[in-house]
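Colleague: One structure, pasted below without further comment.
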Amino acid sequence: MGEKEGIRQYIERAKVVPGKRMDLKRYPTSWEMAESDSINGLRLSKENSEELLARSLKELTSMQEVLWADNRFSMLVILQGMDAAGKDGIIKHVMSGVNPQGCQVTSFKAPSPDELDHDFLWRCIKVLPGKGSIGIFNRSYYEEVLVVRVHQEFLRSQRLPTDDFGPSFWKERYHSINEMEKHLARNGMVIIKLFLNVSKEEQRTRLMERIETPEKVWKFNPNDVKERDLWPEYMGSYQEMLEATSTDDAPWYVLPADQKWLARALASLILTSQIRSLGLTYPELPPEYIKDVQDAKSRLEKG
């Protein structure tokens, strides 16, 4: 298999095909990889993961500069997943090389009173990235069809004009999300949505590690263990959400989060592939500007 074909195959394997029935069980939390496959000239393996990521970061850093200079597009990266799925790790390792001036990370917790005074999309819309910039959402408006779907008591604080939270209510929320993302895509925003698919057993291992490691115990939230009891409800909500909101404008990608190294490598490949497909260029400078530059150069050369 050629290298470009291999990269495309990995991306397509992770993609939730828009308009098709989706079975989350068909997206494993870890992949068995063919030893003959390679990316960026290296065999795809855990042993080569750091070098693979370093090469992708170098390419991403270069592409971010062109994204900024081109100034027609923006990029929004949405990270969703259960607790301890590795969202923070994706941000730290995949985005570590980009210029912080052109990249903003926003983490969404429980909504504030001011946010509850607005519709469920508002708090995310107001922090969307501008032209030439990359925005990263650690959780997002998708929480409104995930955790809120599992804990429908949260809807009471939203003071909605209906108390019927049956199937049509959630279809309307999916429709609102899809229409918003379609609007953003039409206006130059590239939306990349990554679901970190971690197994319940791997999550248990990671939560135990947090508890037992003094440097990590501060990250542990006892409520995470209570949420594990609702695992089937969460998986059902994720599956329905992924199927309903993976569109041509903003598809979902399901990453095998039990393998941190592979999830990070795939995330970097998806990001660089999407930016590369935009055909970005540095702006063409007008003749009068070039003349001014040459005049400035001459003056500098004279001291």
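The values are calculated or read from the model by the stated rules, or taken from the named source; none is laboratory data. None of these values were measured; they are calculated from a predicted model. Here the Cβ positions follow ideal geometry from the backbone for every residue, glycine too, while neighbour counts run over all protein chains shown.
Colleague: Could you count how many residues in the stretch 118-132 are of a type outside the set (Phe, Trp, Tyr), outside any loop (DSSP other than H, G, I, E, B) and surrounded by 14 or more Cβ atoms within 10 Å (Cβ to Cβ)?
Modeller: Total satisfying the criteria: 2.
Colleague: Would you be able to say whether some residue in the stretch 154-165 is surrounded by 14 or more Cβ atoms within 10 Å (Cβ to Cβ) and of a type outside the set (A, V, I, L, M, F, W, C)?
Modeller: Scanning the stretch 154-165 turns up at least one residue that is surrounded by 14 or more Cβ atoms within 10 Å (Cβ to Cβ) and of a type outside the set (A, V, I, L, M, F, W, C).
Let's see how each residue does on (1) surrounded by 10 or more Cβ atoms within 10 Å (Cβ to Cβ); (2) in contact with a Leu (Cβ under 8 Å, 6 or more places away or on another chain); (3) on the phi > 0 side of the Ramachandran plot; (4) of a type outside the set (Val, Ile, Thr):
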site: Arg264; (1), (2), (3), (4): yes, yes, no, yes
site: Leu269; (1), (2), (3), (4): yes, no, no, yes
site: Asp292; (1), (2), (3), (4): yes, no, no, yes
site: Ala296; (1), (2), (3), (4): yes, no, no, yes
site: Lys302; (1), (2), (3), (4): no, no, no, yes
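Colleague: Do we have Gln80 as touching a residue at least 24 places away in the same chain (Cβ under 8 Å), part of a helix (DSSP H, G or I) and in contact with a helix residue (DSSP H, G or I) (Cβ under 8 Å, 6 or more places away or on another chain) here?
Modeller: no
Colleague: Related question: Whether any residue in the stretch 262-280 is assigned to a helix (DSSP H, G or I) and farther than 30 Å from Leu57 by Cα is what I want to check.
Modeller: No - not one qualifying residue is present in the stretch 262-280.
Colleague: Here's a check for you: in the stretch 96-117, which residue that is in a loop (DSSP other than H, G, I, E, B) and of a type in the set (Ser, Thr, Tyr) is surrounded by the fewest Cβ atoms within 10 Å (Cβ to Cβ)?
Modeller: Ser112
Colleague: Taking the stretch 1-46 only, how many residues are modelled with pLDDT of 85 or more, part of a loop (DSSP other than H, G, I, E, B) and not small (Gly, Ala, Ser)?
Modeller: The total comes to 11.
Colleague: Next question. Which numbered condition trips up Leu53, out of (1) in a helix (DSSP H, G or I); (2) over 14 Å from Leu266 (Cβ atoms); (3) over 14 Å from the mean Cα position of the chain (by Cα)?
Modeller: (2)
Colleague: Which residue, of Ser168, Ser176, is without any contact (Cβ under 8 Å) to a residue 40 or more places away in the chain and among the hydroxyl-bearing types (Ser, Thr, Tyr)?
Modeller: Ser168
Colleague: Checking Arg149 against (1) surrounded by 13 or more Cβ atoms within 10 Å (Cβ to Cβ); (2) over 17 Å from the mean Cα position of the chain (by Cα); (3) not in a helix (DSSP H, G or I): exactly one of these is not met. Which one?
Modeller: Status for Arg149: all satisfied but (3).
Colleague: May I pose another question? Out of all the residues in the stretch 74-95, which are more than 28 Å from Lys200 (Cα to Cα) and either surrounded by fewer than 17 Cβ atoms within 10 Å (Cβ to Cβ) or among the basic types (Lys, Arg) (or both)?
Modeller: Result: no residue meets the conditions.
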